[in-house]
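To keep things clear, I will list the structure first and then write my remarks on it.
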Amino acid sequence: MAELLSPPFLKFESEDGREIPLNSGNAWKIGRTEQNMVVLSDDMVSRNHAMIQQLEDGEFYLIDMGSRNGSFVNGRRLTAPVALRDGDVLSFGEAKLRFHNPAQAAAAKAAAGISSDAPARGETVALFKRVNVSVLVVDIRGFTVLAQKIDAGLLSRLVSTWFAEADRIIHDSGGMAPKHIGDAVMAIWTHSARGKEDADILRILRAVAEIARVTGTLHHSLGLAEPVRIGVGVNTGVATLGNTGVGSASDYTAIGDSVNVAFRLESASKELRTDLVLGDSTFEYLRLLPSVAAHFRAAEANLKGYDLPVKAWYISFAALSEFLARAI
């Protein structure tokens, strides 16, 4: 009689050794909020940090959802979906969980190796396509303080209005898949035509200027004492683009280091005391445009989770409007 094997599961490497079975559905989200299947109470873990997805062939993959501090398999940071093998250690912030797949382990023992049809340990999978994209991250400044000053109903109206306006502007500017992450919006633009990236990025910057303008007027209609402020990061690079999850759990997004950098550039805008920070790869496409040097300033930005500073370019919203008026 064939041995009845238990379903795959995650086991915490901490002292309690808690186990989480992966036997219901085909996608298990990991993050800081209660809406996730695996809840990690750690400030280094994003609200929606990562996802484990099972495909129709039975294989399991770990997908980082654009988290701020990254996801790791056996100490290696993810830049694309990774096939999981029995015994892999998954790290999110301070938490470490070991992936166990008894059926996979039994098959490996029986065959003295993994079938050539299955991905090897740590191999990335072509669930998505890798394309050149620009990633926009916009975050409401001082949201925690603001939430303490106004009542919950007004705060809800503010956030829902701001999200709706930002989404409208992003879609009108050719952006895709805007995602609401806490009090932030992330969106992506694909660069399908080589040599046209400068025009694409100008569209993104015009969208940024419009979001800033609309945000700056919200306090009038909502009766707030002060204008709402935002910070913005934009980065360009290769990312993995596609759907995470299946069916109702499907979520079209971009993942990879270029996405992570965009989030960190937005955070760096606070340190640089500015409104908008561009990655050096984004700025390269603007370098030859008129009046760039007169408006953008270079800086060495310290990005959380990165060992060395990176070159970035920053600008205020006022200076951005002046630049866009000349960049015809």
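The values are calculated or read from the model by the stated rules, or taken from the named source; none is laboratory data. Note that the structure is predicted; figures quoted are calculated from it, not measured. Counting neighbours? That spans all protein chains shown, and the Cβs are built from the backbone with ideal geometry, glycine included. We work out accessible area using only protein heavy atoms, side chains counted, and drop any ligands, DNA or RNA first. Shrake-Rupley method; radii C 1.70, N 1.55, O 1.52, S 1.80 Å.
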Take VAL246 and decide whether it is touching a Gly at 6+ places or on another chain (Cβ under 6 Å) and either under 30 Å from PHE72 (Cβ atoms) or at pLDDT 95 or above (or both).
no
Which one of these is modelled with pLDDT under 80 and exposed (fewer than 12 other Cβ atoms within 10 Å of the Cβ): ASP16, ASP43?
ASP16
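Quick one: how many residues across the range 311-328 are assigned to a helix (DSSP H, G or I) and more than 24 Å from the chain's Cα centre (by Cα)?
Here is the first cut: in the range 311-328, the ones assigned to a helix (DSSP H, G or I) are 317-326.
Those left that are additionally more than 24 Å from the chain's Cα centre (by Cα): 318-326.
The qualifying residues number 9.
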Scan the range 268-275 and tell me whether some residue there is surrounded by 18 or more Cβ atoms within 10 Å (Cβ to Cβ) and in contact with a Ser or Thr (Cβ under 8 Å, 6 or more places away or on another chain).
yes
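Criterion first (in a strand (DSSP E or B) and more than 17 Å from GLU322 (Cα to Cα)) does ALA193 satisfy it? Explain how you work it out, then say what you get.
Details: in a strand (DSSP E or B): no; more than 17 Å from GLU322 (Cα to Cα): yes.
So ALA193 fails the test.
On the given criteria, is ASN69 open to solvent by less than 60 Å² (accessible area, probe 1.4 Å), in contact with a Lys or Arg (Cβ under 8 Å, 6 or more places away or on another chain) and more than 22 Å from LYS304 (Cα to Cα)? Break it down into steps so the answer makes sense when it comes.
Numbers: open to solvent by less than 60 Å² (accessible area, probe 1.4 Å): yes; in contact with a Lys or Arg (Cβ under 8 Å, 6 or more places away or on another chain): yes; more than 22 Å from LYS304 (Cα to Cα): no.
No; evaluated as a whole, the condition is false for this residue.
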Evaluate the range 127-150: report whether one residue or more is at pLDDT below 85, crowded, with 18+ Cβ neighbours inside 10 Å and in contact with a Gly (Cβ under 6 Å, 6 or more places away or on another chain).
yes
